[in-house]
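First comes the structure, then the notes that go with it.
Read the figures in this text as sums done on the coordinates, not as results from a lab. This one's a predicted model, so the numbers in the text were calculated from it and none came from an experiment. Virtual Cβ from ideal backbone geometry, glycine too; neighbours counted across all protein chains shown.
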Amino acid sequence: MSHDPSDHDLRERFAALRREVEAHTPPLALPEAPLPRARPLPAWAAAAAVAALIVGALWLLRGTDGRGTPDLGQQLLASAQWIAPTDFLLETPGRELLRGVPGVGAGPDELIETNENRRRNES
């Protein structure tokens, strides 16, 4: 592998550039003292925070505010019920036939009547 004379010139240019950059670069300064460590949270403070969260959750979830009107927690729970936009696809025609047990010799109309009567009688 022969060395081209232009390689030597290129190496000297890079060396000169490296010396110039090193002359303008400040030295790397390491911190004199180690950084302070974060102190762990005392056990009593953690217990107080958990207790405050529990009290706040119970306050939001209580039934009424004493005047018979729904509380904010109840309103939030009522509005949190989500209905999927495709739920209507689950309501297929004739699905009431799948909820009952057919009797021997009973047709679909008799089965529907029987299931409706059973529901009325159970209520």
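Which order do the peptides 21-33, 74-86, 49-61 take when ranked by the mean count of other beta-carbon atoms within 10 Å per residue, highest first?
My ranking of the peptides, most packed first, is 49-61, 74-86, 21-33.
Going highest first, how would you order 7-16, 34-43 by mean Cβ packing within 10 Å?
Descending mean neighbour count gives 7-16, 34-43.
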